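Structure first, then comments.
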């Protein structure tokens, strides 16, 4: 069956371009020209001498631009609503002078639609869309749990998502002021139900216990990190740093100037003990003492060059090699000989 020339001409005119489209249009141009050919009419032209008859057969001599049938359609841009023309009359005041009227807006805007909620209150479009989305999500209900074996992480993620959805629904209901009469019953039923989770081996998974164990492990790790920073520091250094921090906290509340009547500064100076202080021997300041071991309370022990007393459990038996005793005897005889020489040397004086 040969193709329809009218269909080919229509497709070439509206959907094709190039040499092929031009060839199809040129081939179908004769029939189209015959179809669009108008009936010959006699046109009347008015001249100074009178009327003159002109045949339409000479129409081909004019320019093709004047052909209204072949010209393109005129496209008019939509300029929106037209401006209102200013009235020809004006208002007059009491004194007979025209009163200035306010100028109309530069561009007349379309009236925005007014939206109301179920109670008849006027709301914005964005707020109305949000409320509808929240209502749709609340009506959708919780998602069904996925069947099959799952890991602890998947179970925990599902439980957290479910709790978040329930809290969001409760907050939304509280913000709207809607009270559900079955809320207490639903909450009691939800608490009464207990979901049992099991791993791949069939062992029961206690989600709350797992979360608690994870929190304890995190706390233990943080505590070990804090302790690791103090491993290379002694207790003396830590105590000094704590005292320095306490001192800085006290100094922050005080002024910069110091006077001789400053009780805190004087107390600090009195607490400092110096080896070359002449009053150190007779000072009666009470020194704080910690727990001490009991001391030896038996017969006086033999002296030693270091002045170290025996322990409180010493039974009084000298178990040394006698060096300390011989040393003190030699020192005593030397001092006695010096005294005798000094005494005899000054006898004749």
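Each value in this text was obtained by applying a stated rule to the coordinates, not by laboratory testing. Computed from a predicted model, the values in this text were never measured in an experiment. Here the Cβ is made from the backbone with ideal geometry for all residues, glycine too, and neighbour counts use every protein chain on show.
Details
- Once both labels are positioned 7 Å from their Cα atoms along Cα-to-Cβ, the gap between residue 241 and residue 259 label points is 3.8 nm.
- Added length on full extension, which subtracts the Cα-Cα distance from 0.36 nm per residue, residue 27 to residue 296: 83.1 nm
- Between residue 333 and residue 266, the FRET efficiency estimated from the beta carbon spacing at R0 = 45 angstrom works out to 0.25.
- Relative to its residue count, the range 249-349 spans a Cα convex hull of 264 Å³ per residue.
- Residue 166/residue 217 FRET efficiency (R0 25 Å; Cβ-Cβ; nearest 0.05): 0.35
- Tensor-based shape of the range 201-247 (alpha-carbon gyration tensor, a/c under 1.5 rounded, otherwise prolate or oblate): prolate
- Across the range 237-270, the residues whose backbone nitrogen lies under 17 Å from the label position 7 Å along the beta-carbon direction of residue 229 are 237-246.
- Modelled FRET efficiency - R0 35 Å, residue 200 with residue 249, Cβ distances, 0.05 increments: 0.05
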